[in-house]
Each structure stands twice: as structure tokens, then as C-alpha cells.
1. So for the stretch 62-71 (the condition being under 21 Å from residue 108 (Cβ atoms) and surrounded by 14 or more Cβ atoms within 10 Å (Cβ to Cβ)), does at least one residue qualify?
2. Within the stretch 83-104, restricting attention to residues that are more than 11 Å from residue 126 (Cβ to Cβ) and charged (D, E, K, R), which residue is surrounded by the most Cβ atoms within 10 Å (Cβ to Cβ)?
3. Just one of 45, 83, 6 is touching a Lys or Arg at 6+ places or on another chain (Cβ under 8 Å) and farther than 17 Å from residue 177 by Cβ; which is it?
4. Can you name every residue in the stretch 1-47 that is acidic (Asp, Glu) and within 29 Å of residue 61 (Cα to Cα)?
5. Which one is nearest to the chain's Cα centre (by Cα), of the residues in the stretch 18-34 that are more than 11 Å from residue 146 (Cβ to Cβ) and among the aliphatic types (A, V, I, L, M)?
Amino acid sequence: MSTTPRRALIVIDVQNEYITGNLPIEYPPVAVSLPNILLAMDAAREAGVPVVVVQHETPVGAPIFAKGSPGWELHDSVARRPRDHYISKTWASTYTGTDLAEWLAANAIDTIAIAGYMTHNCNAATIYEAAHKGMGVEFLSDATGSPSYQNAAGKASAEEIHRVYSTVFHSNFAAVASTGDWVAAMREGRALEKDDIYLSNLRTRC
């Protein structure tokens, strides 16, 4: 039985809002993450791995992602690239209220690779739901990113948010890798391995 993953690349919410709009990605900087997103899309196309492009929308007049606004639009570099499937969503998870699960099943996909924005929000929600559905999940850590936050619960830098979520993903939910390592694994038909909760914690106590 083949152990080669049946992958799809899920490119989540690479929209102007995160790049030139009201919710700028800070870490990794867009100058790093966006070229890696495009690299992953081009490499997937070359390898015959299907690409799903996802676009978030909120109601007209909302401060971010208002449907039809410049910030809602896909970044041109993603919009003009070929894709195999398109999803418009209104919830954080790419699964919720969409046909993603059905499309993946119809195409015999067993592993999804996540690129795009934001690490801790739409990416995280999609990763957790995919893992709960028994999917293999990969997270391209340098083709994703976060902004910083401050609210009544505290303050966290973009680097801290991205680093902590990436570490948690790799402990149980998704294999975390650079775009370069993911492209190499995809071309070789090789699965990427995630870590283990117990071992991830044990290393901090040894």
C-alpha cells in the first residue's frame, strides 16, 4: 500500500486586507510569507497537486473584509494564478459552511497543506477541524503569518503568536515545515511528520 500523501494545497485568505489594508500581517513579514505562498502554489501546480484558494468575506460596511471592498479582494499575485477550486467563507474554518470536505473526498485527498493567513485564526480553525476529521495536515510556517494583538486578556507580539501556535500545531495537529522543505517532500512523494504532545513537553523538563 502506498504511503504517498494525496495532497491539496489550501491557500487561505491571501487578501489585500492583510497586505495593504486594515489588518496587516507582521510576522513573518509579508515580504517573506507572500513569495513563499506563491512558491508553494507554483510548485504544487508543477507537481500536479491541486490548489484551493480561499477568500473570507464579511458584510458590506464591516471594517475588514467587507465584500466588494479593496481589502476583500484577493491579492493579485494569487488571484491570477491557476487554481483547482475556489471557496468563499464567512467563518474562520475553511470547512464551516463550505463544500471543502466534499471536494476533498471527491478528489481522494487525505492530506492538506496550509498556507496563507492568519496563523492563529483561520489557519488554526482549519487545522483543528481537519485533524478532527482524520486528515493529514501540514503547515507552511514561512508562508503564513500573524499580526500583534492587545485586549483585556493581555498583549502578544506577532512573533509570539505565530511561534506559539506553530509549536502547538507541531505537537499534535500538523506537521510544521518551511516552504522549501514542504516542496521537497511533495516532489519526493514523502509525508512530513508531526511531533508528539508528551515528547514536546518532556524536552522542556529534561
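None of the figures in this text is laboratory data; all of them are computed from the coordinates on show. Predicted, not measured: the structure shown is a model, and the values here were computed from it. Because the Cβ atoms are built from the backbone with ideal geometry, glycine has one as well, and the counts that use them run over all protein chains shown.
1. No, that holds for no residue.
2. 83
3. 45
4. Scanning the stretch 1-47 gives 13, 17, 26.
5. 34
Listed here are the residues, each with its yes/no results for (1) surrounded by fewer than 24 Cβ atoms within 10 Å (Cβ to Cβ); (2) farther than 25 Å from residue 110 by Cβ; (3) of a type in the set (Val, Ile, Thr).
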{"residue": "11", "(1), (2), (3)": "no, no, yes"}
{"residue": "17", "(1), (2), (3)": "no, yes, no"}
{"residue": "26", "(1), (2), (3)": "yes, yes, no"}
{"residue": "32", "(1), (2), (3)": "yes, yes, yes"}
{"residue": "36", "(1), (2), (3)": "yes, no, no"}
{"residue": "42", "(1), (2), (3)": "yes, no, no"}
{"residue": "45", "(1), (2), (3)": "yes, no, no"}
{"residue": "51", "(1), (2), (3)": "yes, no, yes"}
{"residue": "57", "(1), (2), (3)": "yes, yes, no"}
